[in-house]
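As structure tokens, the structure follows; a few thoughts come after it.
The values are calculated or read from the model by the stated rules, or taken from the named source; none is laboratory data. What you are looking at is a predicted structure, and each value in this text was computed from that prediction instead of being measured. Note that we place each Cβ from the backbone using ideal geometry, even for glycine, and neighbour counts take in every protein chain shown. Remember, those area values only see protein heavy atoms, side chains included, never the ligands or the DNA or RNA. Shrake-Rupley method; radii C 1.70, N 1.55, O 1.52, S 1.80 Å.
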Amino acid sequence: MSDFFKALEPKHVAMIEQQPLFFVATAAADGRINLSPKGYDAFRVLGPGRVAYLDLGGSGNETHAHLVAPQADAGRITIMFCNFQQPALILRIYGKGRPVLPQDDEWDDLAGHFTLLPGTRQIFVIEIESVQTSCGWGVPFMSFEVERDTLKKYHGNSDPAEWEAKMAKRTSSIDGLPTRPTARYIAGE
């Protein structure tokens, strides 16, 4: 029912490219597990062993906090894709992730892989440790209608200085773990 791979294969990449939705899960040694759905055209395969996704400012910054938490297994992250059409399939990417913010040296190179959206906060880069596929036979058939534009509109209508001031205050997770806030408003392309 499930198979493990050391890296993404072309058939995995083809499946990923068809999905309008993915899920991200992280956890620190203590505190809550974070599980978030992600939309938009925000996920990129950078190679068989490396992926990244664009992150917009939201209600929290749990993924960032979990990935940089000072613990022995820091950076643990799982990405999950479900095929809601045929063929039935669930694909999980297990790896070590890290945030790259607009003020970081690596930003320009990574940002070039994306169409930046209003409110872009960071890009998460994941070095793949393993890939798992499973049957997905219990996943319902669902069809994609349209992306919600509410978050993009919210950020796009923000005053840049006010947005930066708001983000500067977001220095901890809901469990009190530290985060490093973004230092630049991105209006999108």
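Points to keep in mind about this one:
- Among the residues making up region 93-113, a single one is open to solvent by 10 Å² or more (accessible area, probe 1.4 Å), touching a residue at least 40 places away in the same chain (Cβ under 8 Å) and farther than 16 Å from residue 64 by Cα: 113.
- Test: residue in region 161-180 that is small (Gly, Ala, Ser) and over 27 Å from residue 67 (Cα atoms): yes
- Scan of region 62-92 for residues that are touching a helix residue (DSSP H, G or I) at 6+ places or on another chain (Cβ under 9 Å) and under 23 Å from residue 149 (Cβ atoms), ordered by number: 81
- Conditions (1) in contact (Cβ under 8 Å) with a residue 60 or more places away in the chain; (2) assigned to a strand (DSSP E or B); (3) under 28 Å from residue 172 (Cβ atoms): number failed by residue 60: (2)
- Qualifying helices (runs of 4 or more DSSP H) (wholly inside region 96-189; at least 3 residues being in contact with a strand residue (DSSP E or B) (Cβ under 8 Å, 6 or more places away or on another chain)): 107-111, 150-156
- Subset of region 128-152 [in contact (Cβ under 8 Å) with a residue 12 or more places away in the chain and open to solvent by 80 Å² or more (accessible area, probe 1.4 Å)]: 129, 137, 141, 142, 143, 144, 148
- Candidate set: region 32-43, residues that are of a type outside the set (Ser, Thr, Tyr) and within 10 Å of the chain's Cα centre (by Cα); chosen: the one most open to solvent (accessible area, probe 1.4 Å): 37
- The listed residue being among the basic types (Lys, Arg) and over 30 Å from residue 175 (Cβ atoms), out of 38, 6: 6
- Scanning region 14-57 for residues that are aromatic (Phe, Trp, Tyr) and either free of Cβ contacts under 8 Å to residues at least 12 places away in the same chain or within 17 Å of residue 128 (Cβ to Cβ) (or both) gives 22, 23, 43, 53.
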